Amino acid sequence: MATQTKPILHGYFRSSCSWRVRIAFALKGIEFDQVPVNLIKDGGQQYSEQYKTLNPMQQVPAVEIDGVTLSQSLAVIQYIDETRPGLRLLPADPQKRAQVRMISDIIASGIQPLQNLYVIQKIGTEKVQWAQHFINRGFQALEPILKQTAGKYCVGDEVSMADICLVPQVYNAERFKVDMDQFPTIKRLNQTLLEIEAFNTTHPSCQPDTPADLQK
């Protein structure tokens with residue numbers, strides 16, 4: 001199903017959902033083009049009528065690939081995994097695959113949406129406390145799960161979609177000053193994963209739309 005045309009990722013440098021897709025492309029060795037969508041400039045470029053045609057939810061990312069436009073990062077990652085060769089992002093074993101999906105969903109559904117930009121903008125002066133509360137709540141659930149499932153990585157010793165979700169969420173936690181010493185398993189996994197090139201080259205500090213003061 002793969003074509004010669006490069007996929008196009010419409011995203012934002014600091015969006016954890018966009019970063020997930022960048023990591024997946026990098027792990028698979030897939031070249032792609034990026035079109036920045038600034039979530040703050042002009043009142044949020046994701047709200048433009050032009051972008052709404054790509055993603056009716058007016059969120060990032062939107063990915064043009066193989067003649068279709070996909071949104072929702074986990075759907076994009078699973079599509080990439082099912083249509084491209086190389087490293088498997090979901091394990092072949094059904095139980096491990098379910099664990100990967102469970103961990104990914106805890107992050108992508110149970111933590112990240114509650115502290116994303118759209119929600120935070122509605123909170124008022126308690127933004128940091130709000131974000132800390134929901135990240136702590138999610139990590140308190142995730143830590144014991146990962147103690148059971150982790151090897152070198154989130155599920156066993158192979159990098160998976162769970163790891164792709166974890167690293168951007170830890171980045172968010174650090175931005176909101178969450179005490180990561182409470183979560184030694186999560187902290188260890190994050191440090192290990194950041195040694196992998198695909199997680200480093202896709203980091204928010206080194207994207208085409210990263211502001212100069214936030215670049216490495």
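The values are calculated or read from the model by the stated rules, or taken from the named source; none is laboratory data. These figures come from a predicted structure and were not determined experimentally. Positions of Cβ are backbone-derived with ideal geometry, glycine not excepted, and every protein chain shown enters the neighbour counts. Each accessible area value is taken on the protein alone, full model and side chains, heavy atoms only, with ligands, DNA and RNA left out. Shrake-Rupley method; radii C 1.70, N 1.55, O 1.52, S 1.80 Å.
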Checklist entry - Being in contact with a strand residue (DSSP E or B) (Cβ under 9 Å, 6 or more places away or on another chain), open to solvent by less than 10 Å² (accessible area, probe 1.4 Å), in contact (Cβ under 8 Å) with a residue 40 or more places away in the chain and under 18 Å from residue 16 (Cα atoms), is that true of even one residue in the stretch 180-198? => result yes
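Do the conditions hold for residue 132, that is, is it more than 22 Å from residue 22 (Cβ to Cβ) and in contact with a Phe, Trp or Tyr (Cβ under 6 Å, 6 or more places away or on another chain)?
The answer is yes for residue 132.
Restricting to the stretch 112-169, name every residue that is surrounded by 15 or more Cβ atoms within 10 Å (Cβ to Cβ), of a type in the set (A, V, I, L, M) and over 18 Å from the mean Cα position of the chain (by Cα).
In the first step, residues of the stretch 112-169 are kept if they are surrounded by 15 or more Cβ atoms within 10 Å (Cβ to Cβ); the result is 112, 114-117, 119-120, 127-128, 130-136, 138-139, 142-143, 145-146, 149-150, 153-156, 158-169.
Pick out the ones that are also of a type in the set (A, V, I, L, M) and you get 114, 117, 119-120, 128, 131, 135, 142, 145-146, 150, 155, 159, 161-162, 164, 166-167.
Hits for the stretch 112-169 are 128, 145, 150.
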Checklist entry - Has the stretch 73-92 got at least one residue that is closer than 23 Å to residue 110 by Cβ, more than 18 Å from the chain's Cα centre (by Cα) and modelled with pLDDT of 95 or more? => result yes
Checklist outcome for this item: Out of (1) farther than 18 Å from residue 201 by Cα; (2) in contact (Cβ under 8 Å) with a residue 40 or more places away in the chain; (3) open to solvent by less than 30 Å² (accessible area, probe 1.4 Å); (4) outside any strand (DSSP E or B), the one residue 46 does not meet is (2)
Checklist entry - If we keep just the residues of the stretch 53-109 that are of a type in the set (Lys, Arg) and not in a helix (DSSP H, G or I), which is most open to solvent (accessible area, probe 1.4 Å)? => result 88
